[in-house]
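Okay, so here's the structure we're looking at.
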Amino acid sequence: MNQFEPELAGLSQQQSWVLQVLAKHRSALLRTLEEALERARAAYVGQCLECLRARGLADCLDGVWRLTWTGTGVANWREQKVWSDLLPPGRNLPEPRAGENGLDVGPACDDYRVTLFAPGRCWCGRTRDQHSTL
């Protein structure tokens, strides 16, 4: 089990949805997030963001919300699982390793593990081409 699965499993459906919307925005004012989620009838944004902050998955500075490093990994893992239906039968879902969140460049990696949420990138944050030079 990877490091993000326990965090993802501990989130409610609403919290994971807010996490994912925040991941798409990368940073946003609460008002912007509420407007984005209002279309999905999500009046619970502020409460969910506070819960994400309490869990160390999001942070707020001067009214602008952002995912933490771990929050980014949990959001990416959630999306990875959503896209897993595209995998051929019997193929394992590529998972992150310690120090990887799927966005930031992590430790050296010699095993390309495709991120289904960002094709062409590995969980280590590098492209397929960058693996040949490691």
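The values are calculated or read from the model by the stated rules, or taken from the named source; none is laboratory data. Computed from a predicted model, the values in this text were never measured in an experiment. Quick reminder, even Gly has a Cβ in these numbers, built from the backbone with ideal geometry, and neighbours come from all protein chains shown.
The table that follows gives values for the structure above.
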| read-out | value |
| --- | --- |
| Candidate set: the stretch 77-134, residues that are of a type in the set (G, A, S) and closer than 18 Å to A23 by Cα; chosen: the one modelled with the lowest pLDDT | A118 |
| Filtered residue count, the stretch 84-112, keeping only those that are within 22 Å of K24 (Cβ to Cβ) and under 18 Å from the mean Cα position of the chain (by Cα) | 13 |
| Within the stretch 95-115, tally of residues that are closer than 29 Å to R53 by Cα, surrounded by fewer than 18 Cβ atoms within 10 Å (Cβ to Cβ) and of a type outside the set (D, E, K, R) | 5 |
| Residues of the stretch 1-19 satisfying the condition of being closer than 14 Å to E79 by Cα and either free of Cβ contacts under 8 Å to residues at least 12 places away in the same chain or loosely packed, with under 13 Cβ neighbours inside 10 Å (or both) | A9, Q13 |
| Any hit, the stretch 110-127, residues being assigned to a loop (DSSP other than H, G, I, E, B), charged (D, E, K, R), in contact with a strand residue (DSSP E or B) (Cβ under 9 Å, 6 or more places away or on another chain) and free of Cβ contacts under 8 Å to residues at least 24 places away in the same chain | yes |
| Flag for L30 being in contact (Cβ under 8 Å) with a residue 24 or more places away in the chain and in contact with a helix residue (DSSP H, G or I) (Cβ under 7 Å, 6 or more places away or on another chain) | yes |
| Only one of E79, E35, E50 that is touching a residue at least 24 places away in the same chain (Cβ under 8 Å) and among the acidic types (D, E) | E79 |
